[in-house]
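Data block below; observations after.
The values are calculated or read from the model by the stated rules, or taken from the named source; none is laboratory data. These figures come from a predicted structure and were not determined experimentally. When we count neighbours, we look across all protein chains shown, and the Cβ atoms used for this are built from the backbone with ideal geometry, even at glycine. Ligands, DNA and RNA are excluded from the accessible area calculation, which covers all protein heavy atoms including side chains. Shrake-Rupley method; radii C 1.70, N 1.55, O 1.52, S 1.80 Å.
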Amino acid sequence: MATVATTPSADALPKRANPLWQFIKVQPLGVFGLLIILLYVVCALGAKWIAPYDPEAIDFAAMLAKPGEEHLFGTDQYGRDVFSRIVYGARTALAVGILSSMFGCTLGALLGAASGYFGGRIDNAIQRVVDIMLSFPIIVLAMVVVAVLGKRAALGIDWNLIAAIALPIIPKMARVARSSTLSIVAMPFIDAARAAGFSHKRIILRHILPNIVAPYLIMVTAFMAQAILLEASLSFLGLGVTEPTPAWGLMLSGTSADFYQTAPWMILFPGAAITLAVFAFNLFGDSLRDWLDPKLKS
Amino acid sequence: MLRTVLRTVIASTAALLVGAGIAGAQTPKKGGTLNFGVVAEPPNYDCHGSTTFALVHPIAPHYSLLVKFDGKEYPKVIPDLAESWTVSPDRMTYTFKIRTGVKFHDGSPLTSEDIKATYDRIINPPQGVVSIRKAYYADLVVEAPDPTTVVFKLKNPMAGVLEALASPFNCVYSAAKLKENPRYPETQIMGSGPFAFVQHVKGSTWEGKRFDGYFRKGQPYLDGYKIFFVKSGGVVPGILGGQFDAEFRGRNPSEKAQLLEKMKDKLTVHEGTWVNNLMLVFNTTRKPFDDVKVRQALSMAIDRWGGSDALSKISILKFVGGVMRPGYSMSLPEAELVKLPGYSKNINKSREEAKKILEQAGLKDLKFKLLNRNIPEPYTPAGVYSIDQWRRIGVTVEHEQLETKLYQERVAKGDFDVAVEFQADFMDDPTAQFSKFLTKKLSPSGYSGHTDTKIDEMYTKQRQTMDVAERTKIVREMERYALTQAYNVPILWWQRIIMYNKKIKGWYMTPSHYLWQDLSTVWLDQ
Amino acid sequence: MLWYLIRRLFLVIPTLIGVAIAVFFLIRVMPGDVVVVKLRADGADVSEEMIQAERKRLGLDKPLYMQFTDYMVGLAHLDLGKSLWTGDSVNKEIAIRIPVSLQIAVMASIIAVLISIPLGTISALYRDTWIDHSVRVLAVSGLAVPSFWLGMLIILALLALFNWLPKIGYVPLWEDPIANLSVTIWPAISVGYRYAAVATRMMRSALLEVMREDYIRTARAKGVWTRLIMRRHALRNALLPVVTVIGLEFAFLIGGLVVTEQVFNINGVGKLFVDATTRGDFNLIQGLVLFIATMFIFVNLIVDLLYAWLDPRIRLS
């Protein structure tokens, strides 16, 4: 992983008068990334007001219109407004990206913490499963899971798609969480807590989990970028979101492939939307890592 | 009857077939290799167990048939291995005279025994052999009284026997080789067609070379042919790059535009109707689709005439038609079609009516799921268009686009509200075209699950009516009934657009992409 | 070193067996039936009886434990079984597609190394200058561009600039190098861009770290010219993380191939995988997944070994 996190000890978490201000000062690029993310969030939440057209409304009179005053980014073969579809597409991208990354990382963190804390057989069993899961390239695993689970939509989101994207994240987060936990378990204050007769629950909640918050946050942001990219790839292969739902990867796939040589705007803008979103999450994630992880700070 | 069909086929293609008339007059030149693209690859090589053009396009040149459809004058049936034939006055016995001196590619002679063995394999496949159209030929008994005679006797009256025997999937195999191994055609190619098999490089190419012992003297003209297996999106780049010169299944209008823009004066374009359509299947075992009024209302909401104009520019969907291909002799004339629910040219009135019906049925905010395959052309445009049309009468529809295997499973299980199905066959015969409109009892693909045996009765009756005029009457009545009951309603029929380099001559377009692919008459003007 | 190798190899075996078992059962719960797709998908009116007969012929009617035994016995002989779609052996189906995918993968790696080493070095040397900033932006965007979109952009650019499109079909490199490269170079660039980006970032940060370490400081104290340091010490040590990247990014390479082969119409392993999942060809899917996972495990193993070889400290610990 590009984001291999090392563990900060409890007191190494930045303690500053105003952490937000510090972040802005130290990590201007990260702030830039955050601003782009916020822009997408605004698009997703306010799509109804921002998008000039209904993203699913067919208007054959405007078929394959070039970008211009009427349609900022042009239209597709059904005469649907590309700009509006991108704005609404932010919903799909963010929902899938954020949810699958959070689910994957949370499950992974719990697994990893349990593995590291209990050690012994539990650790061994979990690690073997993690090894096996890590032997599949992400997209291969996701494609098999999509094929196995099919589609299950609720609240306008395909939950099986989220599961397929979250699953490959679990073992990676588990690895990181385990090594963080191991280094904490080795600390004297854990021994002390154990000696004092505190319950596992209390030790995990009070001492272990707070200490893996930093790697957790780093991984969550890093995987959001990857999840968005993976969703786009799956939709491109026809395995993700389905027409007429606006989704960026979908806008590059299927029959669009027949038209993009004559109507390049059909693929230029959605592709740029994906790139910018992933770029922003990466930028923010990198800065967050640098900021939370004192060892990497120069 | 023949002439009317002919006229429509020619009329629809003539406009773009400027050079064809001259080509017919030219003397064919010998030599050269025809390179063309095929957008799918056959799983194995056995014609009898296949339903796909992916098999026909590479394999048809290797085999002969008993009789075949004429490419120039579809749906006329012309001799292939049969020299001539006679039909008994009661039309229950068909006697074919087989050519003499026909050789298989291995040099062994082809006799009536081989044809009998072939049809026996189709009608009563031995253990382990897949014969898909077995049921279609169940009423036939084959005999080979002498080496040059094959007799087909009918157990029950059956219309369209000749057309059925002209199936491009009924490749004639060697009786001797079948005796050794009834499954040899799956892995080996040994026929009597104009071209012998050279090699198949999986996932990339297929090659055939001229068979000098072919029974039509002087044919084939080509030295050989080479197929490039490409994805659909690879056809235009392949033709533009000069890697191959044709694709014979059919391309969409945007691909036509791209090719015309780049190589206008080097391209021959054919356009016409295609014996394929997309239809909506209502699951009549689910509410509210058990209500004929609701089904009609949902069909009425779809603007077929307007959709035809627009969709034909972006997809292969084009012609408004009923159960039979528009223009085919037995189809309902347009004047009658527009009287049926969903075919009115006044869409606003139709929609109002549809809204009213749904309101009366208490289904003002009807919501359902449309099950579809995730194949971009033409399934996605059909789904997207239908959903948009239904939205205009206040019906909310969720598009469920699944991979073919998942789609098939759901449809077969009856686990859907409304599905987008397709109808495709190598000919217009109503016995083939109506298969999805029947009850499940009579047809495994009667997915709508209705139990209306009236359609079944009419179907059986037309199949056994050998008088053409009489049969046409029954078929039209059946079509009217089927469209009114609306268990299945066609959305649009497909347009077939074939483009190839002008140097290719002697290829003719039929409304089916399964026909006229043995390449015996094709030659290169270079 | 030998012991290390043996120990590592020993650890791989249970993982591989686990993968084989997991894949088998994961795929068996996959809905959809290859026989139905094969016989019915083209619209034929095929009876249920015929579908059952074909299932029987393919051995799909056998109880699961028997199918599993057959599969494991086959695996012991390195035989992945027969494709349910074509009836040909899975080994052969995969073998046909390996050369082109492998070549693209290797070319993408070469592109990555050729770009990342100089860029990463320059970026580290001119740290916090505009050169460094632009290299970093280029690298971060490399992580963000979907490879299939990049592929489409390349096609558009070729069409717009040269009115030319890459041909379809693979010619082996030794038969016709130009025809071969004119097909493979574009997907290699599409996939390699991300690779290069990650490697550049790694190269840069590794160099920075190494340059802080003591022995470099000593060397500098001796008055050795900076560039010489680069060549002698730092570069060799910094190669370690680059090697790691190649291992870690192998997963993305496969992912990139799966989608990019679609864009460029390449008959490779990725396309085969997409086709196999579309058809529900169980044997081919499990064979391919197993093959890809094995490749993945061994690439990581080789990377670890290289790492150990480059850096003795790891071996000893």
Computed E for A:LEU45/A:LEU72 - FRET, C-beta separation, R0 22 angstrom, nearest 0.05: 0.65
The protein assembly as shown: antiparallel DSSP beta bridges as a percent of all, rounded to 5: 80
Cysteines, the protein assembly as shown, no other Cys beta-carbon under 4.7 Å: A:CYS43, A:CYS105
Inter-probe distance in nm under a simple model that places probes 7 Å from Cα toward Cβ, at B:MET263 and B:GLN199: 2.5
Antiparallel bridges, percent of DSSP beta bridges restricted to chain B (to nearest 5): 75
For B:PRO237, net neighbour charge (Lys/Arg +1, Asp/Glu -1) across residues whose Cβ lies under 11 Å away: +2
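Just by accessible area at a 1.4 angstrom probe, what is the order of B:LYS436, B:LYS231, B:LYS441, B:LYS461 from largest to smallest?
Details: B:LYS436 5, B:LYS231 65, B:LYS441 190, B:LYS461 120 Å².
Descending order: B:LYS441, B:LYS461, B:LYS231, B:LYS436.
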For the range B:272-495, share of DSSP beta bridges that run antiparallel, in % to the nearest 5: 60
Amide H partners (placed H, <5 Å) of B:VAL198, local residues excluded: B:GLU207, B:GLY208, B:LYS209
Cα shape, the range B:339-387, gyration tensor, a/c 1.5 rule: oblate
Karplus (6.51, -1.76, 1.60) ³J(HN,Hα), θ = phi - 60°, over the range B:437-446, in Hz, Gly and Pro reported as x: 8, 8, 6, 4, 4, 8, 9, x, 9, x
Filter on B:LYS68/B:LYS217; B:LYS369/B:LYS440; B:LYS30/B:LYS97; A:LYS66/B:LYS503; B:LYS436/C:LYS271 - keep pairs with C-alpha separation over 25 Å: B:LYS30/B:LYS97; A:LYS66/B:LYS503; B:LYS436/C:LYS271
Share of carbon and sulfur in the accessible heavy-atom surface of chain B [1.4 Å probe, %]: 51
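In the neighborhood of C:MET50, defined by Cβ-to-Cβ distances under 12 Å, what is the net charge if each Lys or Arg adds +1 and each Asp or Glu adds -1?
Summing Lys and Arg as +1 and Asp and Glu as -1 gives +3.
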Helix-only [θ]222 nm of chain B, DSSP H runs n ≥ 4, -39500 (n - 2.57) each, per residue, nearest 500: -9000 deg cm²/dmol
Residue-span extension gain [C:ASP88 to C:LYS62] - 0.36 nm each, minus C-alpha spacing: 7.4 nm
0 to 90° range, to nearest 10: angle between helix B:304-314 axis and chain B longest Cα axis: 50
Angle between chain B longest axis and helix B:379-391 axis [Cα atoms, degrees, rounded to 10]: 10
Surrounding net charge for A:ALA193, when Lys and Arg each add one and Asp and Glu each subtract one, Cβ distance under 11 Å: +2
Area accessible to solvent at B:GLU113, 1.4 Å probe radius, in Å²: 90
Karplus-derived 3J(HN,Hα), 6.51/-1.76/1.60, for each residue of the range A:106-115, Hz, glycine and proline x: 5, 4, x, 5, 4, 4, x, 5, 4, 4
Whether the protein assembly as shown is rounded, prolate or oblate, judged on the alpha carbon gyration tensor where a/c under 1.5 counts as rounded: prolate
Whole-Hz couplings from phi, Karplus 6.51/-1.76/1.60, listed for the range B:329-336; x for Gly and Pro: 4, 8, 6, 5, x, 3, 4, 7
Sequence-distant residues sharing a close amide H with B:GLU247 (under 5 Å, placed H): B:GLY37, B:MET499
Global form of the range B:272-495, assessed from the alpha-carbon gyration tensor, a/c cut-off 1.5: rounded
Where labels lie 7 Å past Cα in the beta-carbon direction, separation of C:TRP309 and A:ASN160 in nm: 4.6
Under 5 Å, built H, 5+ apart or other chain: amide partners of B:LYS103: B:LEU110, B:PHE215
Accessible-area value, B:LEU110, 1.4 Å probe, nucleic acids and ligands omitted, Å²: 10
